[in-house]
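Novice: After the structure tokens below, expect a handful of questions from me.
All of the numbers you see were taken from the coordinates with simple rules; none came from a lab. Since the model is a prediction, treat every value here as computed from it, not as a measurement. When we count neighbours, we look across all protein chains shown, and the Cβ atoms used for this are built from the backbone with ideal geometry, even at glycine.
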Amino acid sequence: MSWWRLSAAAALIGAAAAAAALALGGPDPAQAAGLPACVHAQGRLALPSPLAQFPLPAGSVLDRRELKYGYAIYSGYVPGAINPVRDFLVSRLPRAGYRLGSGDAEAAEAEAAYEGHRVHGRWKVRAVLGCPGALTIQIAVR
């Protein structure tokens with residue numbers, strides 16, 4: 001087989017693989033981030049500039065934004081369990097310049113208010129039932 005035919009065949013195979021990935025929607029951002037296969041992200045969003053300093057655990061994926069009660073609420077998934085993720089947020093938010101307000105923790109969820117960098121809001125993490133190793137996260141900001 002000539003070099004030209006070999007190159008053309010390789011290009012055709014690469015194009016077919018790319019088309020298949022597009023047709024199937026590509027890899028799920030949640031699995032690409034290392035989250036369990038039992039959660040499925042709808043895409044991937046970045047936090048807005050007022051929350052650029054907001055620390056998230058490695059592997060977190062935010063995939064939804066909604067406006068509710070005057071807040072922008074960013075939602076997604078975080079790998080881990082309630083207590084370690086709560087401890088991460090409680091220790092890292094003050095280091096990132098946010099002051100923590102009232103909070104609450106139970107076996108399957110934790111939440112607290114925060115304020116800093118000219119914004120305020122609440123964060124909440126919840127266990128995903130039937131999906132060990134995954135939590136939902138919501139970050140409300142005003």
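Novice: May I ask you to derive the FRET efficiency for Leu47 and Ala107 from their Cβ-Cβ distance with R0 = 30 Å, giving the value to the nearest 0.05?
Specialist: So, using R0 = 30 Å, E works out to roughly 0.60.
Novice: Also, quick follow-up: Along Cα→Cβ, 7 Å out, is where each label goes; now give me the distance between the ones at Ala81 and Leu129 in nm to one decimal.
Specialist: Those two pseudo-labels are separated by 2.1 nm.
Novice: Next question. Using only the Cα atoms, what convex hull volume per residue in Å³ does segment 31-119 have?
Specialist: 113
Novice: Here's a follow-up. Could you derive backbone 3J(HN,Hα) for segment 90-95 from the dihedral phi with the Karplus parameters 6.51, -1.76 and 1.60 (θ = phi - 60°), listing whole Hz in sequence and x where the residue is Gly or Pro?
Specialist: Once rounded to whole Hz, the list reads 5, 8, 7, 4, x, 5.
Novice: In nm, what is the difference between 0.36 nm times the number of residues separating Arg142 and Arg95 and their Cα-Cα distance?
Specialist: My answer for the length gained is 14.9 nm.
Novice: Amide H of Gly116: which non-local residues (sequence gap of 5 or more, or other chain) have their own amide H closer than 5 Å, using H built in the peptide plane?
Specialist: Sorted by chain and number, the residues that satisfy this are Arg99.
Novice: By per-residue mean of other Cβ atoms within 10 Å, what is the highest-first order of 51-61, 131-141, 90-100?
Specialist: Highest to lowest by the protection proxy: 131-141, 51-61, 90-100.
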